[in-house]
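Worksheet for the structure shown next.
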Amino acid sequence: MIISTGSNPIPEIVERAQSLADRLEVEYKPRGTLSLTKLVERYQDQEVLVVLQEAVRLLRPGMPPMQFHPSMGFVRAKRVIKGERDPMLDAAGMEPGDSVLDCTAGLGTDSLLFAVYGGEASEVTAIESSLPLYGLLLEGMSHYITGNEKVNAAFRRINLVHSDHLDYLRSQPDNSVDIVYFDPMFRQPLTDSAAISPLRQFANGAALSPESVSEAVRIARKAVLLKEKSLSGEFIRLGFSELLRSNSKTSYGVIQIDN
């Protein structure tokens, strides 16, 4: 993967791009006069992360570009700020101040919800194993600006970690976090999901393992939560009690922890 910028970037953006490249331990390549198409063609065997003044984009040859954006997460976050309920938070039994480990960060929308509802006293850690997605989230969560200051602040509070989630879970002490959350790539994709389809080209598509769930149960104090397609066999396979929702194609499964 390489890091670049838009054309004619201001010094601040160049500095941000170089800093991101250093943190990810990848190369920074000046954009020069190349169009995005030509830039991707030049580095056709690598992903290209483009840092812009008000956005960040991830490109791969032959694939549509992916841009960091909270999407429906922003809508849900504003509802939570207004005091409305959210099915994910209800399923998790989350209370303000609870700590959360999101083992499959993806686009970061669920981590955002946990951070918004949890408030300043909450610790939300998001794990992402894909380096390109990690880079996109790291730049986006650090600099993306919405029209809501509480949402902006919640993004900045999320602790983003580049790791395989099982390795990370194994490293954590017993009973060290309130809620552990999994939202892996569905075994049977929802083909009508415009937000998820671009994610599949970069995300880890491996099935969730029983060992990951066992480690999550070990470190969780309150609950382990799984999001999957409604009536998916993954809930039974992994030992979750499915909470069916009317008029929804997805469900949450929960393992309640009795300490």
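What follows draws every value from the coordinates through simple rules; no lab data is involved. Every value quoted in this text rests on a predicted model; they were computed, and no experiment measured them. Note that each Cβ is placed from the backbone with ideal geometry, even for glycine, and that neighbours are counted across all protein chains shown.
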If one compares the long axis through the Cα atoms of helix 210-219 with the longest principal axis of the Cα atoms of the chain, the angle in degrees, nearest 10, works out at 80 degrees
Taking Cα atoms, the helix 72-81 axis meets the longest principal axis of the chain at an angle in degrees (rounded to 10) of 60 degrees
In degrees rounded to 10, the 0-90 angle between helix 11-24 Cα long axis and the longest Cα principal axis of the chain is 50 degrees
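Go through region 20-112 and name the trypsin sites (Lys or Arg not before Pro) that are in a DSSP coil and have 16 or fewer other Cβ atoms within 10 Å of their Cβ. Could the numbers behind the result be given before it?
Numbers: sites: ARG23, ARG31, LYS38, ARG42, ARG57, ARG76, LYS78, ARG79, LYS82, ARG85; in loops: ARG31, LYS82, ARG85.
Here the sparse-neighbourhood loop sites are LYS82, ARG85.
So between ASP258 and SER7, what do we pick up on full extension, going 0.36 nm a residue minus the alpha carbon distance? Intermediate values should be presented prior to the final figure.
Numbers: separation 251, 0.36 × 251 = 90.36 nm, distance 5.55 nm.
Taking ASP258 through SER7 to full extension adds about 84.8 nm, to one decimal.
Could you order the peptides 12-20, 222-230 from most to least packed, using the average number of other C-beta atoms within 10 Å per residue?
Numbers: 12-20: 16.8, 222-230: 22.0.
In descending order of packing, they fall as 222-230, 12-20.
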Filtering GluC sites (Glu not before Pro) in region 110-169 by DSSP loop and by at most 12 other Cβ atoms within 10 Å leaves GLU120
